[in-house]
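Nothing in this text is a laboratory measurement; each read-out follows from the coordinates by a stated rule. No experiment lies behind these values; they were computed from the predicted model shown. Ideal geometry is used to build each Cβ from the backbone, glycine not excepted, and the neighbour counts take in all protein chains shown.
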Amino acid sequence: MVTVVFGASGKVGRHVAAGLSSVGEKMRLTSRTLLPVGFPVGAEVFTADLETPATLPAVLDGAQRVFLYAKPEGIDGFVTAAESAGVQHVVLLSSGSVIHPDAARNPIARAHITVESALERSGLTWTFIRPGMFATNTLWWWRNSIRDEGIVRVPYPDAQTAPIHEKDLAALAVTALTQPGHHGHAYPVWGPESLSIRQQVQHIGAATGRKITLETISIEQARVELGRTMPPMGVDAILAAWRAGTTAPPQVSTVVTDVTGRPAHTFAQWADDHANDFR
Ligand SMILES: NC(=O)c1ccc[n+]([C@@H]2O[C@H](COP(=O)([O-])OP(=O)(O)OC[C@H]3O[C@@H](n4cnc5c(N)ncnc54)[C@H](OP(=O)(O)O)[C@@H]3O)[C@@H](O)[C@H]2O)c1
């Protein structure tokens, strides 16, 4: 069996590649630009762009399974190329936003729904991984201010979220790719524990050995801060999620344990894994 891992240098994709490698799976890894370093030894590496269908037949030819990032602009071309190549199963990194009551008004949800719908209509079998908030988002939001000033500025310091370690999403994907019983399943994935932003910052402080000051700022200031590293629709989504976390605890889930048989990582473990990123 050959598995194609699109986006094998991505935060989740790199752990999918590592996980497949550790169980001895044959892989083809893709990037739009050659050559990301750090890929598992022995893996074949292809240049492929999901939004440029002509680049897909070469990497998909003779492959049976695919780990896929959601790219709505290219999904019809991907489905055609995958069906022609004889691909059987696709594990899609989707988004929990698709099952949110506001999905129809949320551009992030709509993009992922477009991709899920195309796979559902296709002749391919699929598994959808629908995560909530990635723990890696804290790198987007706070890495620079922690590194440069030892400070985190947020509008809702006591908002609760349930961040997910990217290794857990990858472990779900590897299980769905390599084990029976996951075809046609969509897994919402929330983190294993609800933590306030204040607690998350404390964990990063403990992991890095630094005192980090938490400063409360206005929504307008937060828009500016977040906008330095995120697109506007991402800023809106994050502010909405934080605001929701001030009035009700977020959903948590046991899906990682249920599907992989191993407990999900805590945020403290994630902070330990990424301590150097904040230094
Ligand atoms: N952040 C969150 O809280 C959150 C929550 C739920 C869902 N999600 C979803 O998770 C995904 C992001 O995951 P991540 O953090 O692992 O992403 P990431 O680190 O940004 O990696 C994305 C990967 O996709 C590849 N890629 C991008 N455009 C491509 C294209 N046109 N064709 C082929 N490959 C392409 C990139 O590879 P190259 O650059 O090497 O080509 C890169 O390796 C998004 O779909 C997002 O909506 C995120």
(Q) Assuming 0.36 nm per residue, please report the length gained on full extension of the stretch Ala275 to Thr229 beyond their Cα-Cα distance. (A) 14.6 nm
Q) Any idea how far the Cα center of region 63-115 sits from the one of region 2-28, in Å? A) 18 Å
Q: Please state, to two decimals, what the Cα-based radius of gyration of region 124-255 comes to when divided by 2.2 N^0.38 Å (N = residues).
A: 1.16
Q) Tell me, what is the percent relative contact order of the chain, built from C-alpha pairs under 8 Å that lie six or more residues apart? A) 17 percent
Q.
Quick check: from the Cα gyration tensor, does region 190-279 come out rounded (a/c under 1.5), prolate or oblate?
A. oblate
Q) Per-residue ellipticity at 222 nm for the chain, helices alone: DSSP H runs ≥ 4 residues times -39500 (n - 2.57), over residue total, nearest 500 deg cm²/dmol? A) -12000 deg cm²/dmol
Q: Using only Cα atoms, locate the centre of region 154-209 and the centre of region 247-279, then give the distance between them in Å, rounded to an integer.
A: 4 Å
Q: Give a residue-ordered list of calculated ³J(HN,Hα) values for region 165-170 (Karplus: 6.51 cos²θ - 1.76 cosθ + 1.60, θ = phi - 60°; whole Hz; x for Gly, Pro).
A: 6, 4, 5, 6, 5, 5
(Q) Using the basic label-point model (7 angstrom from Cα toward the beta carbon), what is the Glu120 to Lys211 distance in nanometres? (A) 5.3 nm
Q) Based on the inverse mean of 1/r over its pairs of different Cα atoms, what is the Kirkwood hydrodynamic radius of the chain, in Å? A) 19.5 Å
Q. Relative to the present Cα-Cα distance, how much length would full extension add between Ile151 and Lys26 at 0.36 nm per residue of separation?
A. 40.6 nm
Q: Obtain the nm distance between the two label points defined at Ile219 and Tyr69 by a simple spin-label model: each point lies 7 Å from its Cα along the Cα-to-C-beta direction.
A: 3.1 nm
Q. From the phi of every residue in region 264-269, what ³J(HN,Hα) in whole Hz does the Karplus formula 6.51 cos²θ - 1.76 cosθ + 1.60 yield, where θ is phi - 60° and glycine or proline is x?
A. 5, 6, 7, 5, 4, 5
Q. Which Cα, out of Ala170, Trp140, Ala248, lies furthest along the positive dipole direction of region 140-276 (beta carbon charges, K/R +1, D/E -1)?
A. Trp140
Q: Would you please state which residues of region 206-225 a label at Arg243 would reach in this model, taking the label point 7 Å out along Cα→Cβ and a backbone N cut-off of under 20 Å?
A: 216-225
Q.
Calculate the FRET efficiency for Asn144 and Thr80 from the Cβ-Cβ distance with a Förster distance of 51 Å, rounded to the nearest 0.05.
A. 0.75
(Q) Largest first and in whole Å, what are the equivalent-ellipsoid semi-axes of region 2-51 based on the Cα gyration tensor, each being the root of 5 times an eigenvalue? (A) 16, 10, 10
Q: Indicate the gyration tensor shape class of region 2-131 (rounded, prolate or oblate), computed on the Cα atoms with a ≥ b ≥ c the square roots of the eigenvalues: a/c under 1.5 is rounded; otherwise a/b larger than b/c is prolate and the rest oblate.
A: prolate
**Q.** Residue-by-residue Karplus 3J(HN,Hα) for region 176-181, coefficients 6.51, -1.76, 1.60, Hz, glycine and proline x
**A.** 5, 6, 10, 10, x, x
Q.
What's the magnitude of the charge dipole for region 27-118 around its Cα centre, counting Lys and Arg as +1 and Asp and Glu as -1 at the beta-carbon? Answer in Debye, nearest 20.
A. 200 debye
